[in-house]
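To keep things clear, I will list the structure first and then write my remarks on it.
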Amino acid sequence: MDNRFTAPGKIILFGEHAVVYGKPAIAIPVSGMRASAWSEPNEKGLTINALDLNEKFDLKNTSNQFSILAQTILSQNKQNEPNLTINLSSKLPQGSGMGSSAATATAVCKALSNHLGVDLDANQVSELVFNAEKIVHGTPSGIDNTVVAYEMPVYFIKGEKPVTFTPGRRFYLVIGDTGIEASTKETVSNVRKAWEKEPGLMEGYFSEIEIVTEKGKLAIEQGKTELIGEIMSKNHELLNSIGVGHKKLDELIDIANKAGAVGAKLTGGGGGGNMVALAKNIDDQQYIHDKITEAGYRAYQTSFGEQR
Ligand code: MEV
């Protein structure tokens with residue numbers, strides 16, 4: 001279908017949560033798992049038909065990011081509401097830390113702007129999705145919409161232009177899903193409460209996460225797999241310290257490490273959702289994947305960087 005518009009999921013490799021407080025974070029797109037939107041004419045205004053949620057959104061409903069996004073695109077371009085259904089479907093599990101919310105909103109943004117004949121670059125798409133997500137998701141840093149819209153590895157600091165960088169080699173990852181749906185809005189808000197209560201302690205953790213992220217970026221650029229693994233494990237400890245861990249995440253990380261991962265951590269909001277493990281090579285990646293699925297969890301394989 002040529003009016004199908006898609007957007008990838010994402011994985012945060014370093015720096016989640018601290019990024020909300022102005023620290024850097026690193027994220028990569030997961031191009032093999034995508035949200036798709038496609039449109040068809042109707043006779044009664046704009047409807048966004050979220051097939052996986054079994055829910056329909058129209059412009060009157062302003063408590064969801066799709067309607068807010070559509071209203072903004074229409075008003076910025078001085079266009080009337082079209083008679084259009086935008087169907088939406090996603091391979092990304094919701095509440096899993098894989099950017100399902102940003103990916104679905106990005107796919108809808110692309111489908112609607114294409115229908116209206118409005119040309120948007122990656123930065124404009126990212127901004128539109130960010131503004132819609134802010135209303136629904138509290139205080140997001142903007143990293144999810146950025147990595148999803150650009151579909152490139154990014155080094156991101158809130159409010160600054162994202163920096164893309166080149167990994168020193170190809171890296172093989174396994175994503176393991178606890179199956180526990182967790183709300184990023186909720187974990188972000190819990191971290192904020194902890195920060196309000198003990199700002200010194202929490203800022204200490206955020207600064208440690210910042211050091212980890214900077215070291216992680218360098219190790220990725222230099223292609224140092226073992227070192228990246230160590231740094232990921234350190235990042236996970238710090239995420240546990242700020243209170244966004246979950247025993248199922250630790251269980252999955254343990255399975256991955258025993259199966260030969262060089263390191264692993266939770267990814268995204270935490271409190272459930274997904275963990276990501278780094279494998280030494282493509283064979284280990286398959287083995288780690290199999291061990292996680294044998295234990296009864298869903299797992300996905302993804303990679304980033306060029307083969308050298
Ligand atoms: C969610 O994918 C990442 C968090 O850092 C929240 C955010 O950056 O908006 C937990």
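The values are calculated or read from the model by the stated rules, or taken from the named source; none is laboratory data. From a predicted model like this one, the values you see are computed outputs, not experimental measurements. A quick note on method: Cβ atoms are made from the backbone with ideal geometry, for glycine too, and the neighbour counts reach across all protein chains shown. The accessibility values were calculated without ligands, DNA or RNA, using every heavy atom of the protein model including side chains. Shrake-Rupley method; radii C 1.70, N 1.55, O 1.52, S 1.80 Å.
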**Report entry** Residue satisfying condition, being hydroxyl-bearing (Ser, Thr, Tyr), open to solvent by less than 20 Å² (accessible area, probe 1.4 Å) and at pLDDT below 90, within set Ser96, Ser113, Ser100, Ser126
**Finding:** Ser96
Query - Residue satisfying all of: in the range 137-176; assigned to a helix (DSSP H, G or I) and away from the ligand (no atom under 12 Å from the Cβ); most open to solvent (accessible area, probe 1.4 Å) among these - result: Tyr150
Report summary line: In the range 1-59, anything more than 16 Å from the ligand (Cβ to nearest atom) and of a type in the set (D, E, K, R) is listed as Asp2, Arg4, Arg34, Glu40, Glu43, Lys44, Asp52, Glu55, Lys56, Asp58
**Report entry** Some residue of the range 60-81 being closer than 25 Å to Val188 by Cα, among the aliphatic types (A, V, I, L, M) and not in a loop (DSSP other than H, G, I, E, B)
**Finding:** yes
Query raised in the report: So, in the range 184-198, of the ones that are open to solvent by 50 Å² or more (accessible area, probe 1.4 Å) and closer than 19 Å to Asp144 by Cβ, which residue ends up nearest to the ligand (Cβ to nearest atom)?
Result: Thr184
Requested in this report: Among the residues of the range 199-224, write down those that are open to solvent by 50 Å² or more (accessible area, probe 1.4 Å) and in contact with a Gly (Cβ under 8 Å, 6 or more places away or on another chain).
Outcome: Glu210, Glu221, Gln222, Lys224
Query - Where a residue in the range 90-102 is farther than 16 Å from Leu128 by Cα and its partner, wherever it lies, is of a type in the set (Asp, Glu) and not in a loop (DSSP other than H, G, I, E, B), with Cβ under 7 Å and at least six apart - result: Pro93/Asp177; Ser96/Asp177
Report summary line: Residues of the range 41-78 being within 20 Å of Glu127 (Cα to Cα) and of a type in the set (Lys, Arg), in sequence order, are Lys78
